[in-house]
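Following: one structure in C-alpha coordinates, then a few remarks.
The values are calculated or read from the model by the stated rules, or taken from the named source; none is laboratory data. The shown structure was predicted, so the numbers you read here are calculated from the model rather than taken from an experiment. Quick reminder, even Gly has a Cβ in these numbers, built from the backbone with ideal geometry, and neighbours come from all protein chains shown. All accessible areas refer to the heavy atoms of the entire protein, side chains included, with ligands and DNA or RNA removed. Shrake-Rupley method; radii C 1.70, N 1.55, O 1.52, S 1.80 Å.
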Amino acid sequence: QLVFIPDVNMRVWLNEELPGVVDPDGYLDTADPALANMSFADLEVTWGPSDLTGVQYLTGLGVLELHYGAGADGQAQVIPAWPPNLHYLDISGYSYGDLPPFPVELGELSISSCPMIAQLPPLPLELVTLSIGHMPMLSALPELPSTLAHLNCAYELSQLVALPELPAGMGSISLHGLSSLSGLPPLPNGFVSLEMSAVPML
(Lines give C-alpha, C1' and ligand atoms only; values in the text may rest on other atoms or scores of the structure.)
Protein backbone atom coordinates (compact mmCIF):
# COMPACT_ATOMS: atom_id res chain seq x y z
CA GLN A 1 0.00 0.00 0.00
CA LEU A 2 1.31 3.44 -0.93
CA VAL A 3 0.97 6.12 1.75
CA PHE A 4 1.60 9.80 1.13
CA ILE A 5 4.09 11.44 3.51
CA PRO A 6 2.95 15.08 3.66
CA ASP A 7 5.87 16.52 5.65
CA VAL A 8 8.87 17.14 3.39
CA ASN A 9 11.26 17.09 6.37
CA MET A 10 9.88 13.72 7.44
CA ARG A 11 10.51 12.39 3.93
CA VAL A 12 14.10 13.55 4.17
CA TRP A 13 14.54 11.87 7.57
CA LEU A 14 13.03 8.59 6.40
CA ASN A 15 15.25 8.53 3.32
CA GLU A 16 18.31 9.29 5.42
CA GLU A 17 17.54 6.34 7.67
CA LEU A 18 16.31 4.01 4.91
CA PRO A 19 17.55 5.29 1.53
CA GLY A 20 14.86 5.33 -1.14
CA VAL A 21 12.01 4.28 1.13
CA VAL A 22 10.03 7.41 0.13
CA ASP A 23 9.79 7.94 -3.62
CA PRO A 24 10.29 11.34 -5.36
CA ASP A 25 6.52 11.97 -5.29
CA GLY A 26 6.40 11.58 -1.50
CA TYR A 27 4.92 8.08 -1.28
CA LEU A 28 6.02 5.29 1.05
CA ASP A 29 5.28 1.65 0.25
CA THR A 30 4.17 0.08 3.54
CA ALA A 31 5.11 -3.35 2.18
CA ASP A 32 8.77 -2.35 1.73
CA PRO A 33 10.83 -4.92 3.71
CA ALA A 34 13.29 -2.18 4.71
CA LEU A 35 10.72 -0.86 7.20
CA ALA A 36 11.26 -3.95 9.36
CA ASN A 37 15.06 -3.62 9.37
CA MET A 38 15.36 -0.48 11.51
CA SER A 39 15.42 -1.21 15.25
CA PHE A 40 16.51 2.15 16.76
CA ALA A 41 15.64 5.76 15.91
CA ASP A 42 16.65 9.10 17.38
CA LEU A 43 14.35 11.63 15.75
CA GLU A 44 15.07 15.31 16.42
CA VAL A 45 12.18 17.47 15.21
CA THR A 46 13.70 20.91 14.64
CA TRP A 47 11.11 22.23 12.22
CA GLY A 48 7.49 23.28 12.33
CA PRO A 49 4.77 22.62 11.60
CA SER A 50 5.60 18.92 11.73
CA ASP A 51 3.71 15.78 10.74
CA LEU A 52 5.37 12.47 11.60
CA THR A 53 3.17 10.37 9.31
CA GLY A 54 5.39 7.50 8.25
CA VAL A 55 6.94 6.70 11.61
CA GLN A 56 4.09 4.30 12.44
CA TYR A 57 5.13 2.04 9.54
CA LEU A 58 8.60 1.35 10.98
CA THR A 59 7.52 -2.09 12.15
CA GLY A 60 11.00 -3.19 13.23
CA LEU A 61 11.49 -0.21 15.53
CA GLY A 62 11.98 -1.24 19.16
CA VAL A 63 13.50 1.99 20.51
CA LEU A 64 12.33 5.52 19.65
CA GLU A 65 13.84 8.67 21.12
CA LEU A 66 11.69 11.58 19.94
CA HIS A 67 12.74 15.09 20.88
CA TYR A 68 11.25 18.37 19.71
CA GLY A 69 13.74 21.23 19.47
CA ALA A 70 13.53 25.01 19.39
CA GLY A 71 12.49 25.17 15.74
CA ALA A 72 9.30 23.25 16.55
CA ASP A 73 8.10 25.52 19.38
CA GLY A 74 4.61 26.93 18.94
CA GLN A 75 4.06 25.05 15.69
CA ALA A 76 1.50 22.38 14.83
CA GLN A 77 2.77 18.92 15.78
CA VAL A 78 1.15 15.72 14.49
CA ILE A 79 1.97 12.21 15.70
CA PRO A 80 -0.56 9.95 13.92
CA ALA A 81 0.44 6.73 15.68
CA TRP A 82 3.46 4.99 17.23
CA PRO A 83 5.40 2.16 15.61
CA PRO A 84 3.54 -0.97 16.73
CA ASN A 85 6.44 -2.95 18.24
CA LEU A 86 8.14 -0.33 20.41
CA HIS A 87 9.46 -1.51 23.77
CA TYR A 88 11.19 1.80 24.69
CA LEU A 89 9.80 5.31 24.07
CA ASP A 90 11.38 8.59 25.19
CA ILE A 91 9.52 11.76 24.18
CA SER A 92 10.30 15.34 25.14
CA GLY A 93 9.41 18.84 23.99
CA TYR A 94 6.06 17.87 22.45
CA SER A 95 3.83 20.92 22.86
CA TYR A 96 0.40 19.61 21.90
CA GLY A 97 -2.17 18.28 24.35
CA ASP A 98 -2.78 14.71 23.18
CA LEU A 99 -0.62 11.68 22.47
CA PRO A 100 -1.73 8.68 20.41
CA PRO A 101 -2.36 5.39 22.27
CA PHE A 102 0.83 3.71 23.42
CA PRO A 103 2.03 0.46 21.78
CA VAL A 104 0.82 -2.61 23.66
CA GLU A 105 4.32 -4.11 24.12
CA LEU A 106 5.92 -0.95 25.52
CA GLY A 107 8.09 -1.77 28.52
CA GLU A 108 9.77 1.56 29.29
CA LEU A 109 8.24 5.03 28.88
CA SER A 110 9.78 8.43 29.56
CA ILE A 111 7.84 11.68 28.99
CA SER A 112 9.23 15.11 29.83
CA SER A 113 8.80 18.77 28.95
CA CYS A 114 5.41 18.30 27.34
CA PRO A 115 3.68 21.34 28.84
CA MET A 116 0.19 20.98 27.36
CA ILE A 117 -0.52 17.36 28.24
CA ALA A 118 -3.15 17.18 30.97
CA GLN A 119 -3.92 13.47 30.68
CA LEU A 120 -1.96 10.48 29.43
CA PRO A 121 -3.43 7.64 27.37
CA PRO A 122 -3.92 4.34 29.24
CA LEU A 123 -0.60 2.76 30.12
CA PRO A 124 0.41 -0.47 28.34
CA LEU A 125 -0.23 -3.65 30.29
CA GLU A 126 3.44 -4.73 30.02
CA LEU A 127 5.00 -1.44 31.17
CA VAL A 128 7.86 -1.92 33.66
CA THR A 129 9.34 1.61 34.02
CA LEU A 130 7.58 4.98 33.90
CA SER A 131 9.38 8.34 34.13
CA ILE A 132 7.53 11.67 34.02
CA GLY A 133 8.74 15.23 34.52
CA HIS A 134 8.22 18.88 33.62
CA MET A 135 4.53 18.53 32.75
CA PRO A 136 2.74 21.33 34.61
CA MET A 137 -0.75 20.51 33.27
CA LEU A 138 -0.72 16.84 34.27
CA SER A 139 -3.09 16.42 37.21
CA ALA A 140 -3.18 12.64 37.60
CA LEU A 141 -1.50 9.47 36.41
CA PRO A 142 -3.50 6.71 34.69
CA GLU A 143 -4.03 3.39 36.41
CA LEU A 144 -0.66 1.73 36.85
CA PRO A 145 -0.33 -1.71 35.22
CA SER A 146 0.44 -4.73 37.39
CA THR A 147 3.83 -5.12 35.67
CA LEU A 148 5.12 -1.68 36.71
CA ALA A 149 8.23 -1.99 38.88
CA HIS A 150 9.75 1.52 38.80
CA LEU A 151 8.08 4.96 38.93
CA ASN A 152 9.96 8.25 38.65
CA CYS A 153 8.16 11.62 38.95
CA ALA A 154 10.34 14.71 39.00
CA TYR A 155 9.88 18.48 38.80
CA GLU A 156 7.25 20.80 37.36
CA LEU A 157 4.37 18.49 38.14
CA SER A 158 2.54 21.19 40.07
CA GLN A 159 -0.96 19.74 39.50
CA LEU A 160 -0.06 16.26 40.71
CA VAL A 161 -1.51 15.95 44.23
CA ALA A 162 -1.75 12.15 44.54
CA LEU A 163 -0.49 8.89 43.08
CA PRO A 164 -2.74 6.03 41.98
CA GLU A 165 -2.76 2.65 43.71
CA LEU A 166 0.62 0.99 43.43
CA PRO A 167 0.80 -2.49 41.88
CA ALA A 168 1.73 -5.34 44.18
CA GLY A 169 5.03 -6.01 42.42
CA MET A 170 6.35 -2.45 42.43
CA GLY A 171 9.88 -2.17 43.83
CA SER A 172 10.94 1.48 43.68
CA ILE A 173 9.66 5.05 43.48
CA SER A 174 11.60 8.27 42.99
CA LEU A 175 9.82 11.57 43.74
CA HIS A 176 11.60 14.92 43.42
CA GLY A 177 10.41 18.50 43.28
CA LEU A 178 6.69 17.74 43.56
CA SER A 179 5.23 20.89 45.10
CA SER A 180 1.62 19.65 45.50
CA LEU A 181 1.92 15.94 46.31
CA SER A 182 0.22 15.56 49.68
CA GLY A 183 0.12 11.82 50.29
CA LEU A 184 1.34 8.38 49.26
CA PRO A 185 -0.70 5.24 48.66
CA PRO A 186 0.22 2.16 50.68
CA LEU A 187 3.57 0.70 49.69
CA PRO A 188 3.32 -2.92 48.55
CA ASN A 189 4.98 -5.82 50.34
CA GLY A 190 8.46 -6.39 48.98
CA PHE A 191 8.97 -2.71 48.22
CA VAL A 192 12.70 -1.92 48.05
CA SER A 193 13.46 1.76 47.45
CA LEU A 194 11.79 5.13 48.06
CA GLU A 195 13.69 8.29 47.14
CA MET A 196 12.23 11.75 47.83
CA SER A 197 13.35 15.36 47.87
CA ALA A 198 11.60 18.73 47.74
CA VAL A 199 8.13 17.32 48.43
CA PRO A 200 6.96 19.99 50.91
CA MET A 201 3.27 19.01 51.20
CA LEU A 202 3.87 15.37 51.99
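Out of all the residues in segment 70-77, is one or more in a loop (DSSP other than H, G, I, E, B) and at pLDDT 95 or above? No: segment 70-77 contains no residue that is in a loop (DSSP other than H, G, I, E, B) and at pLDDT 95 or above. The residues in segment 50-82 that are among the aliphatic types (A, V, I, L, M), touching a Leu at 6+ places or on another chain (Cβ under 9 Å), buried (at least 17 other Cβ atoms within 10 Å of the Cβ) and closer than 20 Å to ILE117 by Cα can be counted, and the count is 4.
Of all the residues that make up segment 2-24, how many are assigned to a loop (DSSP other than H, G, I, E, B) and touching a Leu at 6+ places or on another chain (Cβ under 9 Å)? Talk me through it step by step, then tell me what you get.
Residues of segment 2-24 that are assigned to a loop (DSSP other than H, G, I, E, B), as a first pass: 5-7, 18-21, 23-24.
Going one step further and asking which of them are touching a Leu at 6+ places or on another chain (Cβ under 9 Å), we end up with 5, 7, 18, 21, 23.
So the answer is 5.
Return the residues of segment 116-125 that are surrounded by fewer than 16 Cβ atoms within 10 Å (Cβ to Cβ) and over 23 Å from ALA72 (Cβ atoms); say none if nothing qualifies. Outline the logic, then answer.
Let us first name the residues in segment 116-125 that are surrounded by fewer than 16 Cβ atoms within 10 Å (Cβ to Cβ), namely 116, 118-119, 121-122, 125.
Selection gives PRO122, LEU125.
You will find that of TYR27, TYR96, the residue that is within 27 Å of LEU163 (Cα to Cα), in contact with a strand residue (DSSP E or B) (Cβ under 7 Å, 6 or more places away or on another chain) and of a type in the set (Phe, Trp, Tyr) is TYR96 and no other.
For GLY107, the conditions (1) closer than 30 Å to ALA162 by Cα; (2) small (Gly, Ala, Ser); (3) touching a Gly at 6+ places or on another chain (Cβ under 8 Å) all hold with the exception of (3). In segment 60-89, the residues that are over 19 Å from LEU109 (Cβ atoms) reach residues that are in a loop (DSSP other than H, G, I, E, B) and aliphatic (A, V, I, L, M) with C-beta atoms within less than 6 angstrom, at least six apart or across chains, in these pairs: GLY60/MET38. Residue-level check: of (1) crowded, with 17+ Cβ neighbours inside 10 Å; (2) within 22 Å of MET135 (Cβ to Cβ), ASP7 misses just (2).
With respect to the conditions (1) buried (at least 18 other Cβ atoms within 10 Å of the Cβ); (2) touching a helix residue (DSSP H, G or I) at 6+ places or on another chain (Cβ under 6 Å), TRP47 lacks only one, and its number is (1).
Restricting attention to segment 103-115, the residues that are open to solvent by 20 Å² or more (accessible area, probe 1.4 Å) and of a type outside the set (Gly, Ala, Ser) add up to 4.
Looking at segment 126-202, none of the strands (runs of 3 or more DSSP E) lying wholly inside it contains 2 or more residues that are open to solvent by 20 Å² or more (accessible area, probe 1.4 Å) and among the charged types (D, E, K, R).
Every condition in (1) surrounded by 14 or more Cβ atoms within 10 Å (Cβ to Cβ); (2) of a type outside the set (S, T, N, Q); (3) out of contact with any helix residue (DSSP H, G or I) (no Cβ under 9 Å at 6 or more places or on another chain) holds for TYR94 except the one numbered (3). When segment 29-48 is filtered for residues that are at pLDDT below 95 and closer than 19 Å to GLY97 by Cβ, only GLY48 remains.
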